[in-house]
1. Looking at the stretch 607-642, which of its residues are open to solvent by less than 20 Å² (accessible area, probe 1.4 Å), outside any loop (DSSP other than H, G, I, E, B) and not small (G, A, S)?
2. Working only within the stretch 273-294, note down all residues that are surrounded by 16 or more Cβ atoms within 10 Å (Cβ to Cβ) and in a strand (DSSP E or B).
3. Consider T214 against the criteria (1) among the β-branched types (V, I, T); (2) under 26 Å from the mean Cα position of the chain (by Cα); (3) open to solvent by 20 Å² or more (accessible area, probe 1.4 Å): it satisfies all of them except one. Which criterion is unmet?
4. Conditions first: (1) modelled with pLDDT of 95 or more; (2) open to solvent by less than 10 Å² (accessible area, probe 1.4 Å). M157 passes all but one, so which condition is the exception?
5. Over 15 Å from the mean Cα position of the chain (by Cα), among the small types (G, A, S) and either modelled with pLDDT of 95 or more or open to solvent by 10 Å² or more (accessible area, probe 1.4 Å) (or both): which single residue out of A147, A197 fits that description?
6. Being touching an Asp or Glu at 6+ places or on another chain (Cβ under 8 Å), part of a loop (DSSP other than H, G, I, E, B) and aliphatic (A, V, I, L, M) is the filter; apply it to the stretch 699-758 and report the residue that is surrounded by the fewest Cβ atoms within 10 Å (Cβ to Cβ).
7. On the basis of being touching a Ser or Thr at 6+ places or on another chain (Cβ under 6 Å), buried (at least 16 other Cβ atoms within 10 Å of the Cβ), of a type outside the set (D, E) and touching a residue at least 60 places away in the same chain (Cβ under 8 Å), does V395 make the cut?
8. Restricting to the stretch 413-451, name every residue that is surrounded by fewer than 17 Cβ atoms within 10 Å (Cβ to Cβ) and within 30 Å of R477 (Cα to Cα).
Amino acid sequence: MIRAHLVLLFAALLAIPAPAADTESNRAGEPNASPATPPPSAPPTLQIATAASISYFENLMVIGGPAEVDEIPGSADYLDAETLETHDYADIHRILRQVPGVTVIEEEGYGLRPNIGMRGSGTERSSKITLLEDGVLIAPAPYAAPAAYYFPTAGRMESIEVRKGSSSIIQGPFTTGGALNLISTSIPYTFGGRVEAEAGTDATWRLHAAAGGTEGRFGWLVETYQLRSDGFKRLDGGGETGFELADYMAKLRFGTDPSAAVQQALELKLGRTEQFGDETYLGLTEADFRADPYRRYRASAADSIDTEHDQIQLRHFIAPAAWWDVTSTVYRNDFFRNWHKLGSVGGVGIASILDDPERYAALLAVVRGEADAADGSLLVRNNRRDYYGRGIQSVIAMRGSWLGAEHSVEIGGRWHEDAEDRFQEDERWSMLGGSLSFVDSLAPGSNANRVSSADAVAMYVQDQIVFGRWWLTPGVRFETIDFTRRDFGGNDPDRTGANLSVRSNGVDAWIPGLGAGFRASDALSLFAGIHKGFAPPGPGASRETEPERSINYEAGFRFNRPGIRSQVVAFFSDYDNLLGRDTLSSGGTGEGDLFNGGAVNLWGLEASAERDLAGMLGTSASVPFRVAYTHTRGEFRSAFETSFADWAPSVERGDELPYLPENQVTTTLGWVVPRASAFLTAAYQSGMRTVAGRGPVEGGAESAMVLDATAKYGLMPRLDLVFQGRNLLDETYIAARRPAGLRPGLPRTFGIGLEWTF
């Protein structure tokens, strides 16, 4: 029924004539245009004007900008600064619900630790997508340990790119689902900036401030993003359940004179993010969730996560001639985190206790703080880990006419190495009179004392060939990866090597792809593509573990004319082998072991449409409307036994994949006049399984409809009053049943603030 309604809606949007006036002209009076937005005559993106009007920033992007979307023979979405400012979302989950083909699974309600997947690739800790910031791998250890706990601060981003299918050539190592590239604030053309301050429910407050400018050949930018909240959960017996986040970034750029024959630019980017949260893996039993979904058990009172992330990027651009240029980047990311969290009670994992509360009734009483356990039987783990990722990448871009066709060739290469260092031990706690009591700590490193590392070299070549109304984009990517796991054992905290165990493995992968497009008219273009999907196995994989490989197909069309944009894409992914990764966050042991899932078929439909409804309504106000729809199905094609939590204990042929909602719909309706604007967004996600199976979904995550609103009013030319409402209907829903027990989504919250530009 939902799919039928969506098809009718898309048809109606395309059939209704566009208004005579251009959509953008209706927004001319919208308050507070960003000072970082260049004048119409200025060159695009990072303000590097060259003789050939080339912007070096384009080579760092997976799309390049809104105009370039139409030139990509595959699914692509670009969320520009105006779109992001419309809703003022700080939650990446809410941002990405506007993009078809993307699945997001909430965890703590604020989007601080996202679970993002594309086209059914798997959502666990966003470990099956290629995650980038400014075109650079940003996950702490994307090869050795991709399921980590750092994600760039979405609220400070200038734009966001999502590219699926055809991204597999230029971005890796995860090429099955797609690539997510977050574009940070760019250096403005002239001196200027903005300050946003907001306060709201649960003592939540947010501050976003940025200032910068360009003087001659020198440009600079400083920025900070601060976010804190007391949290919406209530800890039994009282206590903290909130978080604090502080993000800082600076950019410096020096370029050649615009009249120079050879254009060059050098840019340095520095960033640091600190986060502390009184968060936990401990959810609720089914009965307790129904009684009070925002309750937290007393046994989680000592749980918290502490993280620090540092990044540095040094980028050089040179355009020796109008027809070719080179962009090179040296980068390093360092990340530390310690999640101090309850893992087991009386030797039983917390996930098992909450999954079977009748069997473990006595232990559940301890978890609730209703019974004493004076023997130190509550184990709280210091999940202390250090990560780093570093490398150098370079892209050569060439443009020209050869053999009767226009060519845009990219040749890229990257050397990268990363590592995860685990040094973990458990603490013993008791529950006495409803309060936790520290007993002692086990030997440092006794739980985990190992280093997993990866060395990788990647190369690719891709050519976009345009001849007449046709364009072809053939390409091939090559990845060679060596993994090593060095386990020092729980009795060697000084790492002398007395009990050292070393496991090594590696993989080489050729990843070809081909996209094709045909411009049927000025408004309609058709495209199709076939690309190989690949995900590396990771360090410590057993000999039986195979890389994840698939063949991915897509076909669709775009229909664009003044005031109307739409895209419809059908996709099919044929997996030879699907990989599952054991993590604590998925309800597993946390060892990081990999599991073969065998052959899997995934298929679905992505559709989006947007237009201004002002002409239909006969109003001078702009009435932007957008709808995004995703239908996804996935099935195992073989039967097997497994201990992987999401599939256990067995899978039968035809079983459906977990954490894959069949239908997702997001609609946005706005009203924009010269001094004010208001937007209402409704996001629906159907219920889904939380373990593999078939038939009616029982005990999974429920369907939910979440309604958000944002309104702005111009108090004066550069000062806006902003109002936000999240989950206006106060929908109570199960966001997930992992890592342990049921977890709720964000309840109804409100915020009010000011935005000042200068």
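The values are calculated or read from the model by the stated rules, or taken from the named source; none is laboratory data. Small disclaimer: the values here were computed from a predicted structure and weren't measured. Because the Cβ atoms are built from the backbone with ideal geometry, glycine has one as well, and the counts that use them run over all protein chains shown. Accessible surface areas use protein heavy atoms only, side chains included; no ligands, DNA or RNA. Shrake-Rupley method; radii C 1.70, N 1.55, O 1.52, S 1.80 Å.
1. Listed by number, the residues that qualify are R611, D612, P624, V627, Y629, T630, H631, T632, F636.
2. Scanning the stretch 273-294 gives T273, Q275, F276, G277, L282, L284.
3. The number of the failed condition is (2).
4. Failed condition: (2).
5. On the way: A147 fails: over 15 Å from the mean Cα position of the chain (by Cα).
Being over 15 Å from the mean Cα position of the chain (by Cα), among the small types (G, A, S) and either modelled with pLDDT of 95 or more or open to solvent by 10 Å² or more (accessible area, probe 1.4 Å) (or both) holds for just one of A147, A197, which is A197.
6. L728
7. Values: touching a Ser or Thr at 6+ places or on another chain (Cβ under 6 Å): yes; buried (at least 16 other Cβ atoms within 10 Å of the Cβ): yes; of a type outside the set (D, E): yes; touching a residue at least 60 places away in the same chain (Cβ under 8 Å): yes.
Judged against the criteria, V395 is a match.
8. G413, W415
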